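Novice: Next up is a structure, given as structure tokens.
The values are calculated or read from the model by the stated rules, or taken from the named source; none is laboratory data. Since the structure is predicted, the reported quantities are computational estimates derived from the model, not experimental observations. Every residue, glycine among them, receives a Cβ derived from its backbone with ideal geometry; neighbour counts consider all protein chains shown. The area values use the complete protein model at the heavy-atom level, side chains included, leaving out ligands, DNA and RNA. Shrake-Rupley method; radii C 1.70, N 1.55, O 1.52, S 1.80 Å.
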Amino acid sequence: MSGERKIDQEDHMQNAVYEKEMEMGIDPARHSMQIALVSPSKEYFNKTFPVSPSTAEIINSLIPKSTPIVVEGFATTGRLFFLELLEKGYSIGEMNPNLGKHARILKNEGHSDKSDAHAIAKAGIYFSNRLSVISLKQNEESLAVLVKTRQRMKKELVADMNRTHSLLSETYGAFYRNLKSKLHFCRGRTFLKSFPSLNRLLDNIDNVKVSETLEPETIERLSLEKAWVSETLLATLEWEIIFYLEKIEFYQHKLKDIEKQIANLLDTIDNGSLLQTVPGIGPVSAATIIAETRGIHRFQKESKFAAYCGLAPKLWQSGQMKTKNMKRKNYNRVLKGTFYNIAFTAVRVNKQAKKYYQKKINEGKHHRQALLCLARQYCRITYVMMKKNEAFRIINA
């Protein structure tokens, strides 16, 4: 059935007589693409196609390269598919989802894949100046995948650490205050895996591993403690503690592996080595900036890039009231956090950054405000460096 359906779709596309001014709108999903080809006066087709290389081949054989393609939400799914189209010579523009929503409402108030794809294509015709060109590159997309995976793993790692702290506080009671710091080190986690509860530690108080790991004062305090009575519940908690400790060890090992891959990929990307020359920007921060920016060409001015990073206030004015600066709600939170961490590090390692931070403190700003001001300066430096590097690359291409 799927083969017959594909043939029907291809025949429908072949029978269409296309005009010169056309736009193709694509609404991507996990397993399918709703593709609409429209002109200002006519909709030629609006069909569902499977996400596969064969669909890209069909488009390549039937649709002229001059036909612009507009897509909504390309960063979440279908990147391999769009990379195929870009390598075949098509131009793909990214549309803001809010713009597509308004274009759909102008036509009707309903919601379907067909209406979405039609609205995306129509928005490409009437709002072409508001689209940003997608320039997918394999190395940069691979870097983006690694950065996103690292972010998710770090988030899960923090949650697992907190859960393990909670479990160990239950199996050790108040005595866990003497062992709390050991969870953050490999040797300490090995010790806690061997002795996941107060009872196991009391049973092995004369063990060589205990005497080598714990201080004499801690061992003396331990000798005054008594064991828990409930063995069955304690055994279950011990099993869970060992499970989380093994999971933490696995994540720590994989994070090191991911960071090595990120460092290797940065050497193959234009701005990768360049950004690391700035004091305070390391491999992970540079990779995050490149992955989250998705091409500095999308931002015509530094102020727009700063607004995207959440480091520039928005203006609010109505009637006779004075213009006010307000905090932005829609911005890239990952980039804002990255630049904040860069500023936090730069205050310790860079004299000029520390001097600027102290200047803001003397002006009456508190610690966080001063760091955000410094983060804005690093945002400006990053934008200028990446923009000049892109212009230099275009000139010498």
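Novice: Might you report the magnitude of the Cβ-based charge dipole of the chain about its Cα centre, with Lys and Arg at +1 and Asp and Glu at -1, to the nearest 20 debye? Mind showing how you got there, number by number?
Specialist: Numbers: 61 positive and 42 negative charges, 499 e Å.
The dipole of the chain has a size of about 2400 debye.
Novice: Residue separation times 0.36 nm, minus the C-alpha to C-alpha distance between ASP270 and GLN358: what's the value? Provide the component values of the computation, followed by the final result.
Specialist: Numbers: separation 88, 0.36 × 88 = 31.68 nm, distance 3.37 nm.
Here the segment from ASP270 to GLN358 would lengthen by 28.3 nm.
Novice: Quick check on packing: order 84-96, 363-375 by the mean number of other C-beta atoms within 10 Å, highest mean leading. Each step should come with its number before you reach the end.
Specialist: Values: 84-96: 17.4, 363-375: 15.7.
Top to bottom by mean Cβ count within 10 Å: 84-96, 363-375.
Novice: Taking the alpha-carbon distance from LYS327 and a cut-off under 20 Å, which aspartates and glutamates remain once sequence neighbours fewer than 8 residues away in the same chain are dropped?
Specialist: Leaving aside aspartates and glutamates fewer than 8 places away in the same chain, those within reach of LYS327 are GLU302.
Novice: Please check: in the Gaussian network model of the chain (C-alpha springs, under 10 Å), which one of GLN377, GLN34, GLN358 has the largest mean-square fluctuation.
Specialist: Sorting by GNM fluctuation, first place goes to GLN358.
Novice: Right, another one. Taking only the C-alpha atoms, wrap a convex hull around segment 22-77 and report its volume per residue in Å³ as a whole number.
Specialist: Value for segment 22-77: 79 Å³ per residue.
Novice: Now a separate question. Using amide H atoms built 1.01 Å from N in the peptide plane, name the residues 5+ places from GLY310, or on other chains, whose amide H lies under 5 Å from its own.
Specialist: Those lying under 5 Å, H to H, from GLY310 are ASN332.
Novice: Also, quick follow-up: Scan segment 162-222 for chymotrypsin sites (Phe, Trp or Tyr not before Pro) in coil per DSSP, keeping those whose Cβ has at most 15 other Cβ atoms within 10 Å, and list them by number.
Specialist: In loop regions of segment 162-222 (DSSP not H, G, I, E or B), the sparsely surrounded chymotrypsin sites (Phe, Trp or Tyr not before Pro) are PHE185.
Novice: Evaluate the charge dipole of segment 203-332 about its Cα centre and quote only its size in Debye, nearest 20, assuming +1 on the Cβ of each Lys and Arg and -1 on the Cβ of each Asp and Glu.
Specialist: So the magnitude is around 1960 debye.
Novice: Using helices alone, I'd like the mean residue ellipticity at 222 nm for the chain: each DSSP H run of four-plus residues gives -39500 (n - 2.57), total over residue count, nearest 500.
Specialist: -19500 deg cm²/dmol, from helical runs alone.
Novice: While we're here: Place +1 on the Cβ of every Lys and Arg and -1 on the Cβ of every Asp and Glu in the chain, take the dipole about the Cα centre, and give the residue among SER303, TRP228, ASN207 whose Cα lies farthest towards its positive end.
Specialist: So the residue furthest toward the plus end is SER303.
Novice: How much area per residue is accessible in the chain when the probe is 1.4 Å and only protein heavy atoms are counted (Å²)?
Specialist: Averaged over the residues of the chain, the accessible area is 57 Å².
Novice: Hey, another quick one. Pick from LEU80, LEU233, LEU255: which is most flexible by mean-square fluctuation in a GNM of the chain where alpha carbon atoms under 10 Å apart are linked?
Specialist: Fluctuation is largest for LEU233.
Novice: Here's another thing I want to ask about it. Show me the helices of the chain, taken as full DSSP H stretches, that run 27 Å or more along their long axis by Cα and average -1.0 or above in Kyte-Doolittle hydropathy.
Specialist: 138-172, 231-266, 367-395
Novice: Also: Counting only protein heavy atoms, what percent of the accessible surface of the chain is carbon or sulfur at a 1.4 Å probe?
Specialist: That share works out to 53 percent.
Novice: Taking amide H positions as placed in the peptide plane 1.01 Å from N, state which residues far from PHE45 in sequence (5 or more) or on other chains have amide H under 5 Å from it.
Specialist: LEU37
Novice: I would also like to ask the following. Could you order the peptides 126-134, 224-232 from most to least packed, using the average number of other C-beta atoms within 10 Å per residue?
Specialist: Taking the mean over residues of other Cβ atoms within 10 Å, the ranking is 126-134, 224-232.
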